[in-house]
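Asks: If you scroll down you'll find the structure; I have some questions about it.
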Amino acid sequence: MNVGFIGLGLMGRPMALHLEKAGHTLHLWARRPESLAPFKDVNAKTHATPAEVAKHADVVVTMVADAPDVEAVCLGENGLASSGKKGLIIVDMSTIAPDAARRIGDRLEALGIDFVDAPVSGGEVGAINAALTIMAGGKAEAFETVKPLFEKMGKSATLIGDRGAGQVAKACNQILTGVGVLAVAEAFNFAAKSGVDPAKVREALLGGFAYSKILENHGQRMLDRNFKPGFKAWMHQKDLRIVMEEAHRLGLMLPSSAATAQVFNAMVGSGLGENDSIAALKLLEKMSTPE
Amino acid sequence: MEIGFIGFGTMGRPMAEHLLRAGHRLHVWSRRAASTDFLVEQGVVRCDTPTEVARVADIVCTNVTGSADVEALAAELADGFAPGGIHIDFSTIAPSAARRIAAAYAARGVDFVDAPVSGGGVGAQNATLAIMWGGKSALTTRLAPIFACLGKTVVHVGESGAGQVAKACNQMVMVAAIEAAAEAARLANAAGVDFAKVREAMLSGSAGSKVLEVFGGRMATCDFAAGVEARLHHKDFALLMNEAVGLGVPLPVSSAVWQQLNALMAQDWGRQDTASLLRVLEIGR
C-alpha cells in the first residue's frame with residue numbers, strides 16, 4: 001500500500017519504519033528536513049507538501065503534537081485536503097480533544113475524505129516494539145481498511161465507536177493513568193514518611209485488590225528512582241488539559257482528575273516536565289520535606 | 001471626545017449610557033441593530049461596520065464575551081484606526097489573547113488596553129466598577145476621563161495582558177469565596193442551624209467579606225436569580241485554569257471549585273446566580 005506519514009517524532013519515526021518493514025511504500029513530508037534522515041535508505045519518498053503526500057498515498061497517518069497541528073496538516077494551505085483526492089483515508093494517531101477530532105473529521109468528510117481518530121497508548125517503548133494499544137473512532141469500513149497497518153504498529157486495535165470515540169477512550173486512559181500514577185506516588189511517599197519501606201508495601205499490595213499494572217511497573221520504577229521517560233510529565237499535563245477542557249465543555253465534575261492536573265502543573269512548573277510522569281513522587285517528596 | 005462603543009450586554013449598556021451622559025459623542029455598532037436602538041433614540045450615530053466606528057472615533061471601547069470575539073473585532077477595527085487610536089477592551093479574555101491583539105495593533109501605531117472590570121451589572125449601573133487595566137502607562141491621562149465615567153477604582157496593573165491576569169486572580173478569589181460560603185451554608189443547614197444567623201454573626205468577624213455579604217445573602221434567602229450568571233464565572237475558570245497549565249502553576253482549590261461549577265452547568269443552572277453553588281451541594285440531599 002502507498003502510505004503517507006506525517007509527524008516523524010519520537011513516536012512517529014518507529015511507527016513509520018514498522019510500516020515500511022512490512023512492505024508498504026512510505027510517502028513523507030516533514031516540517032524539519034532533519035526528521036527525514038532516518039528514512040534515507042528505506043523505501044520512502046519525500047514530498048514538498050502534505051498535499052503531494054496525499055496525491056501519492058491511499059492512506060495518510062498523522063502523528064503530531066496537538067489539534068492545531070492536525071488541523072494545519074489536514075486542512076491548512078497545501079494540506080492533505082487541498083490535494084482534492086477523493087477516497088483518501090486520514091488516520092490521526094495524535095492525542096487531541098475529541099471535539100477537535102469530530103470537527104476536523106466532519107470538514108474532511110464534506111471534502112470526500114475519510115477520517116479515523118486513532119490515538120495510542122504505550123509510549124515510545126510501545127512504538128519501538130510495535131506494541132501500542134490503538135483506540136479508534138470512525139466508520140467501520142475505513143477502520144477495516146487501515147487495520148492491517150494498525151497491526152504492524154500495535155498489539156491491539158479496537159474500534160471504539162464513531163468519530164471522536166478513539167479520543168474519548170484515550171482521554172479515559174489518561175484519567176486512569178494520571179490519577180493512578182499519582183495514587184501510587186502518594187502511597188509510596190505516605191509509607192516512606194511513616195517509616196515503612198514502600199518496596200514491602202508494594203510487594204504486599206500486588207497480591208490484593210489494589211493490584212494494578214501501574215503499581216507493578218510504574219511503582220517499580222519509582223522504587224528504582226528511574227525517572228527517565230517513558231512518558232514525559234509535560235505530555236501527560238497536555239493530555240489532562242484536554243480531559244479538563246472536555247469536562248468543562250460537557251459540564252462534568254472530575255474532582256480527582258482536576259486535582260491530579262494541578263500536580264502535573266506543579267511538576268512542569270518546577271522543572272520536572274522532561275521527567276517521566278512518575279516524577280510526581282519527587283514533587284510529593286519535595287512538598288513534604290522542609291526546604 | 002469621539003468614542004466608539006461595541007457590545008451592549010448587561011455591562012455594556014449602562015457603561016455606554018454613562019459615557020453619553022458625561023458629554024462624549026458615541027459611535028456604535030452591533031451585530032443586531034436593535035441592541036443599539038436605545039442609544040440611537042438619544043441621538044447616537046449608528047455605524048455600518050466596526051471599521052467605520054474606528055474611523056470616526058479616537059477611542060473605541062468593546063465589551064463582548066470571548067477571546068475570539070475580541071480578536072475578530074480588533075481585526076476589523078484595525079483597518080479603521082488612525083495612528084494614535086486606542087482600543088479599550090472591557091471583556092474578560094485570556095491574557096495571551098490580549099497580548100496577541102496588542103502586538104498586532106502596535107505595528108499600526110494603535111494602542112490596545114485590556115481593562116476588565118469587576119462589580120457586575122450593579123457596578124456598571126452605578127458607575128462603581130473596579131477597573132484593572134494593562135497597557136502603556138503613558139496612556140493614563142487619555143484613559144482617565146473614560147474610566148472616571150465608569151468606575152470608582154482604577155488600577156494600572158502593568159503591561160498588556162496584566163489587566164486580564166488581575167481579572168483571573170479576581171475571579172479565582174471571588175468564586176472560591178462563593179464556594180466557601182456555599183459550603184458553610186450547606187453545613188449550617190444540615191446541622192439544622194439558620195444560615196442567615198450564621199452569616200450575620202460571621203459578617204462582623206474575621207470571616208466577613210463582600211462575597212459572604214452579597215452571595216451569602218442570596219444563599220440565606222434562597223434567591224438564585226442572577227446577579228452574576230454562573231455560566232460567565234464558569235467561562236472565566238476555563239481561561240484561568242488554562243493559564244495555570246501554560247505557566248506550570250498548581251491551583252488545587254481553584255481546580256476543585258471549577259469542578260463544582262461544571263456540576264452546576266450540568267444541572268442547567270448556568271443562567272442563574274453563582275450562589276447556585278449551594279444547590280450543587282444539595283444534589284441528592
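Asks: Within the set of pairs 6 or more residues apart or between chains, which connect a residue that is among the hydroxyl-bearing types (Ser, Thr, Tyr) inside region B:141-159 to a residue that is surrounded by fewer than 20 Cβ atoms within 10 Å (Cβ to Cβ) with Cβ atoms less than 8 Å apart?
Replies: Sorted first by the residue in region B:141-159, then by its partner, the pairs are B:153/B:130.
Asks: Do the conditions hold for residue A:53, that is, is it part of a helix (DSSP H, G or I) and touching a Gly at 6+ places or on another chain (Cβ under 6 Å)? Let's see the steps before the verdict.
Replies: Values: part of a helix (DSSP H, G or I): yes; touching a Gly at 6+ places or on another chain (Cβ under 6 Å): yes.
In short, yes.
Asks: Which members of region B:81-133 meet the condition of being in a loop (DSSP other than H, G, I, E, B) and buried (at least 17 other Cβ atoms within 10 Å of the Cβ)? Spell out how you get there, then give the answer.
Replies: First pass over region B:81-133, keeping only residues in a loop (DSSP other than H, G, I, E, B): B:81-85, B:90-94, B:107-110, B:115-116, B:119, B:126-128.
The answer is B:81, B:85, B:90, B:91, B:92, B:93, B:94, B:110, B:115, B:116, B:119, B:127.
Asks: On to the next question. Quick test for you: out of A:233, A:266, pick the one residue that is more than 18 Å from the chain's Cα centre (by Cα) and either more than 8 Å from chain B (Cβ to nearest Cβ) or closer than 30 Å to residue B:264 by Cα (or both).
Replies: The conditions single out A:266.
Asks: Name every residue in region B:1-46 that is assigned to a loop (DSSP other than H, G, I, E, B) and charged (D, E, K, R), in order of residue number.
Replies: The initial filter retains those residues of region B:1-46 that are assigned to a loop (DSSP other than H, G, I, E, B), namely B:1, B:7-11, B:22-24, B:30-32, B:41-44.
Correct list: B:31, B:32, B:41.
Asks: Within region A:76-95, which residues are surrounded by fewer than 17 Cβ atoms within 10 Å (Cβ to Cβ) and either under 15 Å from residue A:16 (Cβ atoms) or of a type in the set (A, V, I, L, M) (or both)?
Replies: Matches in region A:76-95: none.
Asks: Assess whether residue A:142 counts as being outside any helix (DSSP H, G or I), under 21 Å from residue A:107 (Cα atoms) and outside the structural domain of residue A:214 (by TED's automatic domain parsing).
Replies: On the way: outside any helix (DSSP H, G or I): no; under 21 Å from residue A:107 (Cα atoms): yes; outside the structural domain of residue A:214 (by TED's automatic domain parsing): yes.
No; evaluated as a whole, the condition is false for this residue.
Asks: Condition (residue is among the small types (Gly, Ala, Ser), surrounded by fewer than 21 Cβ atoms within 10 Å (Cβ to Cβ) and more than 14 Å from chain B (Cβ to nearest Cβ)) applied to region A:214-227: is it met by at least one residue?
Replies: no
Here's the yes/no breakdown for (1) under 29 Å from residue A:234 (Cα atoms); (2) within 16 Å of the chain's Cα centre (by Cα):
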residue	(1), (2)
A:88	no, no
A:92	yes, yes
A:102	yes, no
A:105	yes, no
A:109	no, no
A:117	yes, yes
A:134	yes, yes
A:163	yes, no
A:168	yes, yes
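Asks: Hey, another quick one. If a residue must be closer than 29 Å to residue B:124 by Cβ, free of Cβ contacts under 8 Å to residues at least 60 places away in the same chain and more than 14 Å from chain A (Cβ to nearest Cβ), how many such residues does region B:205-248 contain?
Replies: Final tally of qualifying residues: 20.
Asks: Residues in region A:236-245: is at least one polar (S, T, N, Q) and within 14 Å of chain B (Cβ to nearest Cβ)?
Replies: Taking region A:236-245 and keeping what is polar (S, T, N, Q), we get A:237.
Then drop every residue that is not within 14 Å of chain B (Cβ to nearest Cβ), which leaves A:237.
There is at least one residue in region A:236-245 that is polar (S, T, N, Q) and within 14 Å of chain B (Cβ to nearest Cβ).
Asks: Considering A:112, A:208, A:126, which residue is modelled with pLDDT under 95 and not in a helix (DSSP H, G or I)? Walk me through how you get there before you give the answer.
Replies: Numbers: A:112 fails: modelled with pLDDT under 95; A:126 fails: not in a helix (DSSP H, G or I).
Testing whether each residue is modelled with pLDDT under 95 and not in a helix (DSSP H, G or I) leaves just A:208.
Asks: Right, here's the next one. Where residues in region B:267-277 are touching a helix residue (DSSP H, G or I) at 6+ places or on another chain (Cβ under 8 Å) and facing chain A (nearest Cβ under 9 Å), which of them is farthest from residue B:169 (Cα to Cα)?
Replies: Taking region B:267-277 as the starting set, the residues that turn out to be touching a helix residue (DSSP H, G or I) at 6+ places or on another chain (Cβ under 8 Å) are B:267, B:269-277.
Those left that are additionally facing chain A (nearest Cβ under 9 Å): B:267, B:270.
Details: B:267: 26, B:270: 21 Å.
Looking at the filtered set, the residue picked out is B:267.
Asks: For residue B:165, indicate whether it is assigned to a helix (DSSP H, G or I), in contact with a Pro (Cβ under 8 Å, 6 or more places away or on another chain) and surrounded by fewer than 23 Cβ atoms within 10 Å (Cβ to Cβ). Working first, answer last.
Replies: On the way: assigned to a helix (DSSP H, G or I): yes; in contact with a Pro (Cβ under 8 Å, 6 or more places away or on another chain): yes; surrounded by fewer than 23 Cβ atoms within 10 Å (Cβ to Cβ): yes.
Considered against the rule, which asks whether it is assigned to a helix (DSSP H, G or I), in contact with a Pro (Cβ under 8 Å, 6 or more places away or on another chain) and surrounded by fewer than 23 Cβ atoms within 10 Å (Cβ to Cβ), residue B:165 comes out as yes.
The values are calculated or read from the model by the stated rules, or taken from the named source; none is laboratory data. Here the structure is a predicted model, which means the values were calculated and not measured. Cβ atoms come from the backbone with ideal geometry, glycine included; neighbour counts cover every protein chain shown.
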